[in-house]
1. Run the 1.4 Å probe and let me know the accessible area of residue 150, rounded to the nearest 10 Å².
2. Given a 1.4 angstrom probe, what's the average accessible area per residue across segment 253-328, in square angstrom?
3. At a 1.4 Å probe radius, which order do 266, 224 fall into by accessible area, largest first?
4. Please list the non-local residues whose amide H lies under 5 Å from the amide H of residue 133, H modeled 1.01 Å from N, same-chain partners needing a gap of 5 or more.
5. Once R0 is set to 22 Å, what does the formula 1/(1 + (r/R0)^6) return for the Cβ-Cβ distance between residue 261 and residue 300, expressed as a FRET efficiency to the nearest 0.05?
6. How much solvent-accessible surface does residue 190 expose, in Å² to the nearest 10, with a 1.4 Å probe and all protein chains in place?
7. Give the long-range amide H neighbours of residue 234: residues separated by 5 or more places, or on another chain, with amide H under 5 Å away, using H modelled in the peptide plane at 1.01 Å from N.
8. Please calculate the 1.4 Å probe accessible area of residue 302, with all protein chains present, and give it to the nearest 10 Å².
Amino acid sequence: MSALVEPGDVHTIAPEMPAMFDGVKLAAVATVLYFLVRCLNLKSPTAPPDITYRDTPLNRYLLKSCPILTEEYEPPLLWGKSGHLQTALYGKMGRVSSPNPCGVRKYLLMQDGATATFDLFESLGDHRTGDDITMVICPGIGNHSEKHYIRTFVNHSQRQGYRCAVLNHLGSLPNIELTSPRMFTYGCTWEFAAMVGSIKRAFPQTLLIVVGFSLGGNIVCKFLGENRINQERVLCCVSVCQGYSALRAQKTFLQWDQCRRLYNFLMADSMKKIILSHRGSLFGMNSSKMEDADLSRLYTATSLMQIDDNIMRKFHGHDSLKEYYEKESCVHYIHNINVPLLLVNSSDDPLVHRSLLTIPRTLAEKKQNVIFPLTWMDKVIVGYANAICQWERHRPPCLRTHIVFKDHTL
């Protein structure tokens, strides 16, 4: 039995319909390309770094000897102009391509029973000056020596003749148990100070290059500014992509521009996992300052500020979040640093709001030892360190860093 087809039941596509579909496709492609160009910042022009510094003989020498400080940065074509993609892809690519330097893990018992650890990597050759120089490195929030960006930086530094010591933030290594009810915080310098002291004792002739990334930048600047003695045998300090003032930064972390609120949530989630992985040590010991209610609030926290208020500030007995941020931010100590100081920030950093950059810019305008470049290049740290070492090498012996302070023979 066959169906009867009436003439009115036959429908044909008008010849102009395919052209309409092609137009829709073209419009969709154009829309996608528009958003890609906007999101990737492909039309933004490249420019030389924005540098703030005082005109001094040392700074003129550094800018001449370290041309990477003034050269125009040519980023990778597709993702190099987007702060978001640099943040995301750098991690993905690093896990595949980053080197794996061989080091030795050191353990340090702290006065409160905590066990600090750092990894020591010997240089892969002599330094160009012939001196013994160690880079003491403090990673970013919740990070350690096994992170890809640290491995990449250590490998590059080793090949330039630097010994490297990398602090593993207390509680950051998943296979190292806490031995006291305390973990790393935003500005606690105890573990970094212990590592520096250990290096000075183990290598009496070594000079130090101090390097800090993000949260680590806050810690190293606070460490150097806390006590003048901490600057002994230090050639220079480099701080990379830190925010300087947690109190001022907390307001910007709740804003949605540059997806900062989303990054805040993701970092809070990472901090939750680190804290919960040490739940037995942090909440179960008799000397713990934590209560069950703090653990309940941790589960519901959606921002770093909530975690800092309910958990982190209590490790050192701060009465309020404001007091914690005030006392643990390097902005109150950084003006005490007298060794050469390079403060590096990125203009497209999705985490550090541009309003925070008035802090390093003002410091560089006032202090002769400070250079503040607004750029981001991996090799700028070692280039700056090399220039500092060469400058030190050509100074009269009576002015060299190993006898900076008359009261202390180093």
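The values are calculated or read from the model by the stated rules, or taken from the named source; none is laboratory data. Because the structure is predicted, anything quoted here is derived from the model rather than measured. Note: ideal-geometry Cβ built from the backbone for every residue, glycine included; neighbour counts use all protein chains shown. Remember, those area values only see protein heavy atoms, side chains included, never the ligands or the DNA or RNA. Shrake-Rupley method; radii C 1.70, N 1.55, O 1.52, S 1.80 Å.
1. 0
2. On a per-residue basis, segment 253-328 sits at 52 Å².
3. Reading off the accessible areas and sorting them downward yields 266, 224.
4. Those qualifying (amide H under 5 Å, at least 5 residues apart or on another chain) are 163, 207.
5. About 0.85, to the nearest 0.05.
6. Roll a 1.4 Å probe over it and residue 190 shows about 120 Å².
7. 208
8. 50
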